[in-house]
Amino acid sequence: MIDRVFLDEQGRDLLNLHRWTPEQALFVKGETQPDLVPIGTFEDVPGTGLKVFVGERRPRAGQFAVTLGTHGKNPEEAFALQREIATLAPRIAGYSRTPGGTLSIAGVSKVTRSFTGAAMRGGAVELTLECASPYFWQESKTRTVPVGVVTPVSIGGQARADLRVSITAGGSAVTDPSILSDAGLTTWHSTIPAGQTLMLGGEDVTLSGMDAALTVTGPLPYLEPGFASLTIIAAGATAVIAWKEGEL
């Protein structure tokens, strides 16, 4: 059985999509896969009748729909279940499918409620969801990376993997640590005191939990899927990277 759950902004369970109680039954009747639309566009070549593709072929976020069956032991329970789904819909920020991964959701653009025949047995709710990303993100992976050397890293899936890099100074301070990834060179222009940790990547940059983003130059690090290489320059420090892989 595939477990499906809607998540809130904090990644917590918002609505489990399988419920079987004496009062109500909730289950997934069907789902589409997210639309895969390239970031680039097709443009006409004047005077030729031909078209060319301009831009990236990597997919951007699209839509997908989930249709839920809603049953109740009586009409009141059936209507209550549909109201519960409609009330929670604006808070949906993720769709977890196990096995499968988690799809980030920007919001719900449409909720369609219906009954076919008896309300108790013929109810359905279809939710049209706007994807924040076209990928189902897998559980986070971590790896210790030696500093000062080129390190091969295998990135699975089809999505570019944003890196979260932790650099911990040893017995002495580390000045201007840098990361060379597929994004280019990223440098933090300051000093990590002995024993403290710089966290760089994701949505923020912190030094021992305090914001430290102002001294960063270059793009935040990432690796493309496949066999990539990574170099962390931070003499005397230890480094750990974390990333999530995205599947279409």
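The values are calculated or read from the model by the stated rules, or taken from the named source; none is laboratory data. In this text, all values refer to a predicted model and were calculated from it rather than measured experimentally. Cβ placement follows ideal geometry from the backbone for every residue including glycine, while neighbour counts extend to all protein chains displayed. Ligands, DNA and RNA are stripped out before the accessible areas are found, and what is left, the full protein with its side chains, is counted by its heavy atoms. Shrake-Rupley method; radii C 1.70, N 1.55, O 1.52, S 1.80 Å.
I'd like to check one number: the per residue accessible area of the chain, probe 1.4 Å, reported in Å² as a whole number.
Numbers: 13060 Å² over 248 residues.
Here the per-residue accessible area is 53 Å².
Under a plain spin-label model, where a point goes 7 Å from the Cα along Cα-to-Cβ, how far apart in nm are Val37 and Thr191? Using points 7 Å along Cα→Cβ, the separation is 5.2 nm. The fraction of accessible area contributed by carbon and sulfur in the chain is 54 percent, rounded to a whole number (1.4 Å probe; ligands and nucleic acids excluded).
For the chain, the relative contact order is 19 percent, taking Cα pairs closer than 8 Å that sit 6 or more residues apart in sequence and dividing their mean separation by the residue count. With the alpha-carbon atoms of the chain aligned to their principal axes, the span from lowest to highest coordinate is 72, 60, 31 Å, starting with the largest. Modelled spin-label separation between Val45 and Asp204, with each label point placed 7 Å from Cα along the Cα-to-Cβ direction: 5.1 nm. Full extension of the segment from Gln63 to Arg19, taken as 0.36 nm per residue of separation minus the current Cα-Cα distance, would add 13.3 nm.
Taking the Cα atoms of region 48-153, the ratio Rg/Rh between the radius of gyration and the Kirkwood radius comes to 1.21.
Here each label is just a point 7 Å from Cα along the line to Cβ, and for Glu56 and Thr217 those points are 2.5 nm apart.
Between Arg160 and Thr175, the contour length at 0.36 nm per residue exceeds the Cα-Cα span by 2.5 nm.
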